[in-house]
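Any read-out appearing in this document is the output of simple, stated calculations on the displayed coordinates, not a laboratory observation. Just so it is clear, the model here is predicted, and its values are computed rather than measured. Cβ: placed from backbone, ideal geometry, glycine included. Neighbour counts: every protein chain shown.
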Amino acid sequence: MTRSKRPGGGHKQTRSAEEFAAAYYDVTGNRTTAAGSHAERVRSNLYRILIIVIVLIVYGSLYPWDFHSTQLAASPLWVLIHSWPDHIDRFLFRDIAVNVVIYIPVGVFGLLALRQKFHTPFAVTVTVLLALALSSSIETAQLFDDARECNAFDVLCNVSGTVLGVALGYVHQQWLKRFFARTESAKVLYPSGAVLLFYTWLAYQGFPLFTVLSRTRLDDKFRYLFVAVSISPLETFSYFVEWLVVAQLLENVLGANRTRRLLPPPLLLLVLAAKLLVAGRIVTWSELAGAVLACICWYFLSGDRRRTAVVGGLIVSLLIVRGLVPYHWSRIANPFSWVPFGGFLRAEWDFGLLTLLQKCFWYGSAVWLLRAAGWRLIHAAVAVAVLLGAIEVIQIHLPGRVAEITDPLLALILAMTLGLLDRFESERSNLSSTKVRTCDVELP
């Protein structure tokens, strides 16, 4: 705290932003601007997490979205109320555990988000009713899904999980509030180019975002891993570059020190272990080799100022190398499709969406890295789009490839999205700096 002389006499005392942020209430008992900003940041973070949890529950509960029309004997609500398990086995206990666990976050974040503005009894009631309505709606929708069964016992387990989450959230609310008020937590939740690309990579790694808790399938995946002991140089290079890009994105969001602690063992083991549980995904030796090499390389590369340019050059090289497969020129020309996203629309939805997520990560990362290396956004976007357009033209004479306008157009769309996110992040940073700048308080 400093004191300065006023022209008219007396003194003007100034407090730094940190002192104001530490004081939630002023001497009159009124809430300060910094405290209001702090509470608003916590509340917005909690609401974001709650929405993400609900979206994931809806997606996972209705996967693979194979709906059909059917004639019910009674209303859906009546069918739901009268649908209960007819026998008890080990699969029932597994379902109970899963249905309880997946709704615990609803209780935790629902309570914390609502308690920022409402009293505890109201927050608890609304959170439990939200879980009841969500679970009942999903179970009712499962009446029209071939791969699902409507069951009132699932609703009971879901609500029980929510109540357990409410209890956990109430007990640990202070620690959770402090955690989500931290700058690092806000960076992960607020939209930015690096955060968007990182979440795209997570979705690409975990797609179809549906776990299969089956010991038989898990044994099959391990058996495939140890039987098919082969390493593809192209696949290894692809995973190597992807993990380097992820490291660069994490460093932009979390900083160099936290990225070094997070990248080698925790994130690598988490992603690979999750792939073993996700339906339809496997772990290969090429992926293991590429990820380990990237972690080792990043340990030495993270302190180099040229790392952004190096990783940007690698992702551009990856686009060229993967785009020219199978490296064999054919005299027979393939047709060129001018219909945007025609290939995705003609493919099976799960394969098409997986390919789209992969390309969004590759093309968006190429633009973002060139931008981070010092290029203007428009120049980076045009360069990536022209490169992809040239590759598509060459693919006219590459057997087995589909030449279309989608890839360069997708790169331009991603560049515009990154530009909007950069503008949003810049405006938010300016607003935050305005709120926490040095405040002058005149004292008599």
1/(1 + (r/R0)^6) with r = Cβ-Cβ of ASP219 and ALA333, R0 = 60 Å, i.e. FRET efficiency to nearest 0.05, evaluates to 0.80
Mind giving me the nanometre distance, one decimal, between the label points for SER44 and LEU409, set 7 Å out from Cα along Cα→Cβ? 3.4 nm
To the nearest 20 debye, what is the magnitude of the charge dipole of region 190-433 about its Cα centre, counting +1 on the Cβ of each Lys and Arg and -1 on the Cβ of each Asp and Glu? 360 debye
Site LEU276, offset 7 angstrom along Cα→Cβ, radius 20 Å on amide nitrogen, limited to region 215-238, gives 215-231
Among SER302, GLY419, ALA333 - extreme Cα towards positive end, dipole of region 190-433, charges at beta-carbon: SER302
Work out Dmax and Rg for region 37-185 from the C-alpha atoms and quote the Rg first, both in angstrom. 17.0, 54
Report the extension gain between ASP304 and PHE179 in nm, rounded to one decimal, defined as 0.36 nm multiplied by the number of residues separating them, less their alpha carbon distance. 41.9 nm
By how many nm would the segment from SER317 to LEU353 grow when fully extended, if each residue of separation counts as 0.36 nm and the alpha-carbon distance is taken off? 10.6 nm
Sorted on mean Cβ neighbours within 10 Å (highest first), peptides 343-351, 129-137, 211-219 come out as 129-137, 343-351, 211-219
Principal axis lengths of the chain from Cα atoms, whole Å, largest first? 89, 63, 41
By how many nm would the segment from ALA97 to PHE153 lengthen if fully extended, with 0.36 nm per residue of separation less the alpha-carbon distance? 18.9 nm
Near LEU277, within a Cβ-to-Cβ distance under 11 Å, what is the net charge of the other residues, with Lys and Arg +1 and Asp and Glu -1? +4
